[in-house]
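Working notes, structure below.
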Amino acid sequence: MTILEPGEMLPSAEHQLYDYIDQKQISYEQEKMGNISFEYIDEYRRNFMNYVQKLNFCYENYLNSSLETINNSNLFTQLSNETYQEYFKPTKTWYKNDEEKSKEKRKKANDLITPYSSSVLAFNIFEYWRKKNIYIDIVKSLEIENFLYDGRTQMVFERPFKIYEGAGTHPHLDVCFENEGGSVIAIECKYTEPFREYPISKWNNFEKHYLQFEDIKIWKGLGKLRNFAKMKFNKQNTFFDVKQMLCHILGLLQNVDKDKINLVYLYQPSFLDDNHVFEREINEFNNILHECDIRFHSITWKKLLMNLLKNLSNNHLDYLKYNINRYL
């Protein structure tokens, strides 16, 4: 979640996107039940800092309440205990102090009640299928051709893929499908995040842990990808967080056979004229992975929802209506 300093204005692309999401959320809530306080939504648009401060009080309620009180009209379906545990599981192997650990949990709790959260969007699309324990329709709608769906295919949220011990926070994929043969669909979900500014310190950490060692085994057979990473360290992207996606690739390659990896980037395009920049950055990453024989696929939320609408029967109308009305 972006936090602005007092008096700081939203970038134009982010402002327009958030304003659009506001209106979609308000329209949906008015139609359904109006459980989200509209003054929170309106205030968020004007000042992120005030919004975050007002939401912080929800933290203890999230940690101490039952799942029934945690779930709200921001979610299509109540989170299962399994999903809840995966979501709130600590992402680091160690923390500087209890406050740092508490801060991470507080942010996750806040994300569950904000309409701009990619985590909420992922839950609204994927949790429905976990409860049914049938994934063939959602996998088909993702347009993945190299994944053999079987009756034992499982889905996990916030799946960690360790690169190596001591490398800092292990990369976590938002949603993962894995079949009995070990093939994986690893999905990174983006909503409003691409329209924020990524701090250079993240790339400094990437260089410290991964780029400065010439003979580190994680780059074995990936000379082109390593050179691409070094180039991007010096010339960063505008929208596509290539550093994060490189970490996902390195984590997957340490845990899954390369020919069984399907990395998916699920995203919201820019609403402004500079969307061609976003698409160019995605295609650039796709091209370098193709040269390394690593499967990568990008798809928009709109395309996924349209595929679901085409592929699903009338038994799923409530699910489709909720997500299409809210997100398209």
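In terms of distances greater than 27 angstrom between alpha carbons, the cross-link table entries 162/258; 131/190; 162/224; 108/258; 107/217 yield 108/258; 107/217.
So what's the gap between the Cα centers of segment 113-150 and segment 231-309, to the nearest angstrom? Taking the Cα centre of each part, segment 113-150 and segment 231-309 sit 18 Å apart.
Taking a 22 Å limit on the Cα-Cα distance, which of the listed pairs 202/235; 208/235; 235/302 fall beyond it? Check vs 22 Å cut-off fails for 235/302.
No value in this document is a laboratory result; all are computed from the given coordinates. Every value quoted in this text rests on a predicted model; they were computed, and no experiment measured them.
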